[in-house]
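Notes follow once the structure below has been shown.
The values are calculated or read from the model by the stated rules, or taken from the named source; none is laboratory data. It should be emphasised that the depicted structure is a prediction, and the values quoted were computed from it without experimental measurement. With ideal geometry, Cβ positions are generated from the backbone for all residues, glycine too; neighbour counts draw on all protein chains shown.
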Amino acid sequence: MYLIVKLLSESRRTNLTVLTGTRNPEVVPGVRFIVDSLVKLIEKRLSVPSIVELRYGRLTEKHDAVYAIYAYPFIPVAKKLSKKAIVHLHDYRPVSSFLL
C-alpha cells in the first residue's frame with residue numbers, strides 16, 4: 001500500500017486520507033493518516049457494512065473514491081454513497097455475497 005499511496009501523493013491533483021489499523025504506518029508527506037484499531041477488526045472479523053457506515057460514513061462522504069485492501073465491508077458503503085470503489089485483490093481471499 002505504501003508504494004501506491006506514495007505514487008498517488010506525487011500528483012498535485014490528489015488529496016489523500018489513509019485509514020489504517022497499523023499503529024505506526026510509514027508516513028508519506030502530504031498524506032493524512034487516520035489510525036483506528038477497529039479497522040483491523042473489520043478486516044479480519046466484522047463483515048457488517050452497517051457498522052462501517054456508522055463509524056466511517058462521514059469520512060467516506062468527504063472523498064471521491066475508496067481504495068480497499070482487505071477491508072471489503074467498505075465497498076458497499078462507498079457504493080451506497082455513490083463513491084468509486086477500488087478493490088485491491090492481493091490474494092484469492094473471497095469477497096462475500098453482501099457485495100452483490
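If you go through the stretch 71-92 and keep only what is at pLDDT below 85 and part of a loop (DSSP other than H, G, I, E, B), you end up with A71, Y72, P73, L89, H90, D91, Y92. The sole residue among V35, V95 that is of a type outside the set (S, T, N, Q), at pLDDT 85 or above and surrounded by 13 or more Cβ atoms within 10 Å (Cβ to Cβ) is V35. Remark: V5 falls outside the filter, which requires a residue to be touching a helix residue (DSSP H, G or I) at 6+ places or on another chain (Cβ under 7 Å) and of a type outside the set (D, E, K, R). Of all residues being assigned to a strand (DSSP E or B) and not charged (D, E, K, R) in the stretch 1-32, which is surrounded by the most Cβ atoms within 10 Å (Cβ to Cβ)? Just the residue, please. Per the stated criteria, the residue is L19.
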